[in-house]
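Data first, discussion second: the structure below is written as structure tokens.
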Amino acid sequence: RKEVEQDPGPFNVPEGATVAFNCTYSNSASQSFFWYRQDCRKEPKLLMSVYSSGNEDGRFTAQLNRASQYISLLIRDSKLSDSATYLCVVNENNFNKFYFGSGTKLNVKP
Amino acid sequence: EAQVTQNPRYLITVTGKKLTVTCSQNMNHEYMSWYRQDPGLGLRQIYYSMNVEVTDKGDVPEGYKVSRKEKRNFPLILESPSPNQTSLYFCATSGGRAGNYGYTFGSGTRLTVV
């Protein structure tokens, strides 16, 4: 069983749509959670950390549900430039031990 | 400008020919790590280093070596590359406890072993 699982997509949405991705993790002792964005053939870049109380950064909202062991990312008012693969990342007890999901591909169309 | 620099960006080599992928950072970060990315498998950690002369295995260390003689450099060594090491490789660094701050990645090295 994978440590972190994501729906690979692709999610094809029109500009202006709201889209949400979920990600589940297997280790209940996981400590830190992140969303990364990766453009085609480029390096992953940190989009946002995910805090227990949920957090927002502009059009992006991240939520954590420890009881059900999943995190989510909500993107409002999608832009063409949001087209990318979104990686869910979970950190376990060892502060240097990260597990990456395989990513969810988002295509925002005009 | 804060940077994580990997070289080369692209490399095609033959089975068994030793190679080194370099990674250098100018942010004085303590934590450095190597990942490989394969379709459907996501990013998997090869090795990591918490400081100079301190390295440890990640999830897929077989066939790889690393060294951390200076804080800024963390080369990845393939002593005898094989075709199953064809992959996209990323070096990553973090200035604090990586669990709190996440990583900054280099631009990647696309390796093909024939």
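Distances over 33 Å make up what percent of all Cα-Cα pairs in the protein assembly as shown? Percent of Cα pairs beyond 33 Å in the protein assembly as shown: 17. Within the shell defined by Cβ-Cβ distances under 13 Å, the residues around residue B:21 carry a net charge of +4, with Lys and Arg each +1 and Asp and Glu each -1. With protein chains left intact and a 1.4 Å probe, residues in chain A average 48 Å² of accessible area per residue. For the stretch A:1-86, the average shadow cast by the Cα convex hull is 6.0 nm², which is a quarter of the hull's surface. Protein heavy-atom surface of the protein assembly as shown, 1.4 angstrom probe: 48% of the accessible area is carbon and sulfur, with nucleic acids and ligands not counted. When every Cα-Cα distance of chain B is counted in 10 angstrom steps from zero, the calculated P(r) takes the values 15, 51, 29, 5 percent. A simple rule links phi to the HN-Hα coupling: the Karplus curve 6.51 cos²θ - 1.76 cosθ + 1.60 with θ = phi - 60°, which for the stretch B:83-95 gives x, 6, 9, 5, 5, 9, 10, 10, 9, 9, 9, 8, x Hz, with x for Gly and Pro.
Among the listed pairs A:45/B:18; A:45/A:79; A:45/B:65; A:45/A:97, a Cα-Cα separation exceeding 24 Å is found for A:45/B:18; A:45/B:65.
Taken one residue at a time, the phi angles of the stretch B:19-28 give Karplus couplings (6.51, -1.76, 1.60, θ = phi - 60°) of 9, 10, 9, 8, 9, 9, 10, 10, 9, 6 Hz. Gly and Pro are set to x. The distance from the alpha carbon centre of the stretch A:34-55 to that of the stretch B:1-43 is 20 Å, rounded to a whole number. With θ taken as phi - 60° and the Karplus curve 6.51 cos²θ - 1.76 cosθ + 1.60 applied, the whole-hertz 3J(HN,Hα) list for the stretch A:100-110 is 9, x, 6, x, 10, 8, 10, 10, 9, 10, x Hz, x standing for glycine and proline. The contact between chain B and chain A removes approximately 1900 Å² from the accessible area (both sides summed; 1.4 Å probe; ligands, DNA and RNA excluded). Inter-label distance, residue A:77 to residue B:57: 5.1 nm, where each label sits 7 Å from its Cα along the C-beta direction.
The values are calculated or read from the model by the stated rules, or taken from the named source; none is laboratory data. No experiment lies behind these values; they were computed from the predicted model shown. Neighbour counts are summed over all protein chains in view; Cβ atoms, including those assigned to glycine, are modelled from backbone coordinates with ideal geometry. Please note that ligands, DNA and RNA were not included when accessible areas were found on the heavy atoms of the full protein model with its side chains. Shrake-Rupley method; radii C 1.70, N 1.55, O 1.52, S 1.80 Å.
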